[in-house]
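Asker: I'd like to ask you about the structure that follows.
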Amino acid sequence: MSTDATLFAGRTAIVTGAARGLGLAMATALARSGASIALLDRLDAVRGAASALATQTGARTVGVAVDVTDPLSVQRAFDQVVETLGVATVLVNSAGITSGDSALETSPEQWSRVLDVNVTGTFLVSREFASRAIAAELGGTVINIASMSSFVVNVPQTQTPYNVSKAAVAMLTKSLAIEWLPHGIRVNGIAPGYFASDMTRDFVATNPEMAEQWVSRIPAGRMGEPSELGDLLLYLASERSAYVVGQNFVIDGGYTIV
Ligand SMILES: NC(=O)c1ccc[n+]([C@@H]2O[C@H](COP(=O)([O-])OP(=O)(O)OC[C@H]3O[C@@H](n4cnc5c(N)ncnc54)[C@H](O)[C@@H]3O)[C@@H](O)[C@H]2O)c1
């Protein structure tokens, strides 16, 4: 049995939304487990994040700017990954955005943007990954970051487009899992509850009362730390989970069971 430090030795992983937040934390877990990592993000800061991760872990890394909603941008980003680190056999789709307005105030443009990034982006990147892994006869694993909002309407904030998008990501995970299992590609999902990421940190700072309400509803009594996703991610990305197909794993300190 491989140790965690060599679990992904010789393999390349792509993580989207990896310039910061949960994506960067999951990229770090994979790097510490021996993978070469391509960090993809819309933010230019992704290049600095990739260099810092290489220094911190000794892993080979590359940071690539991408807009996951643009098929050509996705294709070019994957070309760059192949040139630098080879064909990837692990993909983590973590790029995502939230929505804050009420349904009555949400413009058609805001609605489309959230669906574009969270659903279409996850689809386009997954398809690019799978077509290359299948052509190289390598197989692989895809982990889509959904949300507890795939399954519950968390309150008191309003976020209908986000909830709908994350429900779609959970179904996308199941659908792709069935289509691609015969090609040796396993697709699963992680559905986090409230985690202290860059996405939530600003919100918590400016809405302390709402953050208190969130925490009061979490049986564990606190928000999750991004590093707490690492073990579940490594399990789903590796052959240790060979018989796990198309599942969405909720990790939320118990939020959705009460
Ligand atoms: N933090 C939480 O509590 C929480 C809970 C449940 C689910 N999630 C999900 O986890 C994922 C990561 O969230 P986070 O908290 O780290 O957020 P974050 O905002 O810190 O990170 C998201 C990253 O995605 C990138 N991104 C956004 N649009 C992009 C695009 N079009 N192309 C490429 N990159 C793009 C951003 O630049 C950013 O670096 C998201 O899908 C989010 O919905 C987060």
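The values are calculated or read from the model by the stated rules, or taken from the named source; none is laboratory data. All values derive from a computational prediction rather than experimental measurement. Cβ coordinates were reconstructed from backbone atoms using ideal geometry, including for glycine residues, and neighbour counts include every protein chain displayed. Surface accessibility is based on the protein's heavy atoms, side chains included, excluding ligands, DNA and RNA. Shrake-Rupley method; radii C 1.70, N 1.55, O 1.52, S 1.80 Å.
Asker: Under a 1.4 angstrom probe, counting protein chains only, how are 78, 151 ranked by accessible area, largest first?
Answerer: Highest to lowest solvent-accessible surface, that is 151, 78.
Asker: Next question. Taking amide H positions as placed 1.01 Å from N in the peptide plane, with prolines and chain starts having none, which residues 5 or more places from residue 99, or on another chain, fall under 5 Å of its amide H?
Answerer: Long-range HN contacts for residue 99: 162.
Asker: While we're looking at this one, here's another question. Determine the principal axes of the Cα atoms in region 141-211, then give the extent along each, sorted from largest to smallest and rounded to whole angstroms.
Answerer: Principal axes ranked by extent give 49, 21, 13 Å for the Cα atoms.
Asker: In percent, how large is the relative contact order of the chain, given Cα pairs closer than 8 Å and 6 or more residues apart? List each step's numbers first, then the result.
Answerer: Values: 526 pairs, mean separation 46.7, N = 258.
The normalised contact order for the chain reaches 18 percent.
Asker: Sorted by average packing, counted as other Cβ atoms within 10 angstrom per residue and highest first, what order do 27-37, 123-133, 13-23 take?
Answerer: Working: 27-37: 25.5, 123-133: 20.5, 13-23: 27.8.
So the peptides 27-37, 123-133, 13-23, ranked by packing, come out 13-23, 27-37, 123-133.
Asker: Please pull out the direction-averaged projected area of region 112-256, using the convex hull of its alpha-carbon atoms, in nm² to one decimal place. Please report the intermediate quantities before stating the final value.
Answerer: Working: hull surface 35.6 nm².
Reported value for the Cα convex hull: 8.9 nm².
Asker: Could you order 235, 243 by accessible surface area, starting with the largest, using a probe radius of 1.4 Å?
Answerer: 243, 235
Asker: Now a separate question. Quote the charge dipole size of region 54-199 about the Cα centre in Debye, to the nearest 20; the model charges only the Cβ of Lys and Arg (+1) and of Asp and Glu (-1).
Answerer: Dipole of region 54-199, to the nearest 20 debye: 420 debye.
Asker: On to the next question. Just read off the accessible area of residue 218 with the full protein assembly in place, 1.4 Å probe, to the nearest 10 Å².
Answerer: Answer for residue 218: close to 10 Å² accessible.
Asker: Taking a quarter of the surface of the Cα convex hull of the chain, what do you get in nm²? If you can, show how the numbers build up before the last one.
Answerer: Values: hull surface 53.9 nm².
Average projection, Cα convex hull of the chain: 13.5 nm².
Asker: What are the ³J(HN,Hα) couplings of region 63-70, residue after residue, when phi is run through the Karplus curve with 6.51, -1.76, 1.60 and θ = phi - 60°? Round to Hz, x for glycine and proline.
Answerer: Using θ = phi - 60°, the values come out as x, 10, 6, 8, 10, 5, 7, 10 Hz.
Asker: Moving to a separate point now. Which value, in Å², gives the accessible area per residue of the chain when a 1.4 Å probe is used on the protein heavy atoms? Spell out each step's value before the answer.
Answerer: On the way: 11650 Å² over 258 residues.
Per-residue value: 45 Å².
Asker: Tell me, what is the percent relative contact order of region 94-182, built from C-alpha pairs under 8 Å that lie six or more residues apart? If you can, show how the numbers build up before the last one.
Answerer: Values: 82 pairs, mean separation 35.1, N = 89.
So the answer I get is 39 percent.
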